[in-house]
1. Using 0.36 nm times the number of residues separating Tyr283 and Thr82, minus their current alpha carbon distance, what extension gain do you get?
2. Order by neighbour count: Thr185, Thr82, Thr214, fewest other Cβ atoms within 10 Å first, most last.
3. In whole angstrom, note down how far apart the Cα centers of the stretch 79-133 and the stretch 28-74 are.
4. Compute the acute angle (0 to 90°) between the alpha-carbon long axis of helix 159-171 and the principal axis of greatest extent of the alpha-carbon atoms of the chain; round to the nearest 10°.
5. State, to one decimal in nm, how far the label point of Ala193 lies from the label point of Lys258, with both points 7 Å from Cα in the Cβ direction.
6. What's the magnitude of the charge dipole for the stretch 79-157 around its Cα centre, counting Lys and Arg as +1 and Asp and Glu as -1 at the beta-carbon? Answer in Debye, nearest 20.
7. Suppose each label sits 7 Å from its Cα in the direction of the beta carbon; what would the His63-Asn124 distance come out to in nanometres?
8. With the dipole of the chain worked out from charges on the C-beta (+1 for Lys and Arg, -1 for Asp and Glu) around the Cα centre, which of Ser84, Ser7, Thr276 lies farthest toward the positive end?
Amino acid sequence: MVQPLLSVENLKTFFIKGDVEVHAVDGIDLTIYPKQIVCIVGESGCGKSMTSLSIMGLVPKPHGRVVDGQIWFGGQNLLGMTESQLSTIRGNDISMIFQEPMTSLNPVLTIGDQMTEVLLRHRNISKLQALQKVIEMLEFVGVARAKDIVKEYPHQFSGGMRQRVMIGMAMICEPKLLIADEPTTALDVTIQAQVLDLMKRMRDEFETSVMMITHDLGVVAEIADQVVVMYAGQVVESASADHLFEDPLHPYSQALLKSIPSLDEEKEILYSIPGTVPDSSKYPTGCRFAERCEWTQPSCIEKMPELREVKPGQFARCDLI
Ligand SMILES: Nc1ncnc2c1ncn2[C@@H]1O[C@H](COP(=O)(O)OP(=O)(O)OP(=O)(O)O)[C@@H](O)[C@H]1O
Ligand SMILES: [Mg+2]
């Protein structure tokens, strides 16, 4: 049996300041297998970025902290590691493309210097060998004139090019896991399609698993093997992409799918889910979606449903299905 590459169990990441506890990630489970592309979807504020930052050991200090759970990566619990152990994994075995593009590019260093620095930190090679590898990687991610580009600075690039450079930088050590937080949001559709294509090539050529965070279900349909739907710090549904699009089980997943703009139907008004995500410092006791769900029963408000396997391989957190 194939072993998971990453296995997150009951992860809880809170922000604690005085009496206020923000439950950003509130007990999530997540498994990623080798060469799998897993998309995490959900509305703004439901804990997607905090889940990825928890895996990377980069939860914002001093208030943010992982308070419970385990994160297994290739048989090691990342949460039990020291900062120096983690830093040998970061950028090497696991790397990340951040939601804010400029956070991972240093404006005062050339692209060549930044990328070779990552390689030299993790590999015992010469500067010249590192530079050659950087140029090869830039060519792989579709950057034209890679030999000249290495001497340039991030602000000299267009959005699409910057995104490619960031993917190249994240991939330079050929990580086993690439975490990409909304990598295509700021791009026009043509460039977006090219970036998604590139991620698939990464998986095929380097056997990289990808954890992709997005709120765009079009992106999910294009790229995902497996989908995890998050709502208010929890997983509400987890399924293969085929199952999720064919038969979404959780009312929140159904509502998300209903809100995709459609060209082939005569839908005059675009559906939007009524209400808003509950305040993450005051979650209700029962189902967190109950307030916005069209099927809510009194039992939904009284008791929090468990995430359970409703159909083979398809898990949902709803007692009404
Ligand atoms: N530094 C912080 N201090 C306090 N609360 C925070 C902080 N960063 C995030 N949060 C809270 O944690 C929750 C989860 O945030 P997170 O950034 O993971 O959401 P997200 O799903 O990535 O949203 P988006 O789609 O907008 O990027 C939110 O309620 C947010 O307000
Ligand atoms: Mg985010």
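1. Details: separation 201, 0.36 × 201 = 72.36 nm, distance 3.23 nm.
Residue separation times 0.36 nm, minus the Cα-Cα distance, leaves 69.1 nm.
2. Result, fewest neighbours first: Thr82, Thr185, Thr214.
3. Cα centroid of the stretch 79-133 versus Cα centroid of the stretch 28-74: 20 Å apart.
4. Approximately 80 degrees, to the nearest 10.
5. Label at Ala193, label at Lys258, 3.1 nm between them.
6. Working: 8 positive and 9 negative charges, 46 e Å.
Charge dipole, the stretch 79-157, about its Cα centre: 220 debye, nearest 20.
7. 4.6 nm
8. Positive-end residue among those listed: Ser84.
Every number in this text was worked out from the coordinates using simple rules, so none of it is lab data. What you see is a predicted model, and the numbers here were worked out from it, not measured in a lab. As a convention, Cβ positions derive from the backbone with ideal geometry for all residues, glycine included, and neighbour counts pool all protein chains shown.
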